[in-house]
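A short write-up of the structure that comes next.
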Amino acid sequence: MNIYWRWILFFIFSSIPFFGCTYTKAPLSDLAADSQHVITSETPNAARSDCDTLVITCIDYRFAVANQEFINNTLGLKDHYDHISIPGSIYNLINQETRSLLFSRFTSSMRHHLIKRVVIIGHKDCGGYGGSSAFGSEIAEHEYLCTDLRRARALIIEKYPTLDVDLFLESLHHEADKVRVRFEKIL
């Protein structure tokens, strides 16, 4: 093959990734639906220096909306907190085998922002513990999770003694035809 054809093939193959990423047949209105390009706006009131709280929650979808409302409105942290959401959050902090994973995320937040407060929100019927049925009774589950929340606070304060740590335990409550999430502050 002569040099002329080599250059043509080189140009064609080196152009495929470039044109493949920039060319699309979809109209602009379909881009988000096809997950090709999504643009979001910046949070207008957010400022790096204002982020002094780290919130740790479980990823359980049943609590996600209630968590955001609680954090933003009840705790008054809207636009001023870092959020770590990890399966079985309390369990993973207490468990020696998985603690380093959570602490690595925690340390990153500490390094990038001026974290002074940590809020840990655990919940009943957590899959990390095997669900409510793993405890035998509602009282046993409540006591066990409260104990683990307190142990989590002790571990954090041991590593970062200047931090304030607030603990909450949430649970689902059926009222008439609605399901509500109840938050309990754990001392």
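Of the GluC sites (Glu not before Pro) found in the stretch 69-165, the ones in coil according to DSSP and having at most 11 other Cβ atoms within 10 Å of their Cβ are 97. Based only on other Cβ atoms within 10 Å, what is the fewest-to-most ordering of 174, 123? Ordered from fewest to most neighbouring Cβ atoms within 10 Å, 174, 123 come out as 174, 123.
The residues 185, 116, when put in order of fewest to most other Cβ atoms within 10 Å, stand as 185, 116. The distance between label points at residue 186 and residue 61 comes to 2.6 nm (points 7 Å beyond Cα on the Cα→Cβ vector). Computed 3J(HN,Hα) for the stretch 60-76, one whole-Hz value per residue from the Karplus formula 6.51 cos²θ - 1.76 cosθ + 1.60 where θ = phi - 60°, is 3, 4, 5, 10, 4, 5, 4, 4, 4, 5, 4, 5, 6, 8, 5, 7, x, glycine and proline marked x.
The modelled label-to-label distance between residue 104 and residue 132, using points 7 Å beyond Cα along the C-beta direction, is 3.5 nm. Within a straight-line Cα-Cα reach of under 22 Å, residue 124 can be paired with the following lysines, leaving aside sequence neighbours fewer than 8 residues apart in one chain: 178, 185.
Cross-link reach is defined here as a Cα-Cα straight distance under 18 Å, omitting same-chain residues fewer than 8 places apart; for residue 116 the aspartates and glutamates meeting it are 50, 52, 79, 82, 158, 164, 166.
For residue 104, the shell of other residues with beta-carbons less than 15 Å away shows a net charge of +2, using +1 for Lys and Arg and -1 for Asp and Glu.
Given axes a ≥ b ≥ c from the Cα gyration tensor, I'd like to know whether the stretch 48-186 is rounded (a/c under 1.5), prolate (a/b larger than b/c) or oblate. Because a/c hits 1.5 or more and a/b fails to exceed b/c, the stretch 48-186 counts as oblate.
Any read-out appearing in this document is the output of simple, stated calculations on the displayed coordinates, not a laboratory observation. Please read these numbers as outputs of a predicted model, since none were measured by experiment. Heads up, the Cβs are rebuilt from the backbone with ideal geometry, glycines too, and the neighbour counts pull from every protein chain shown.
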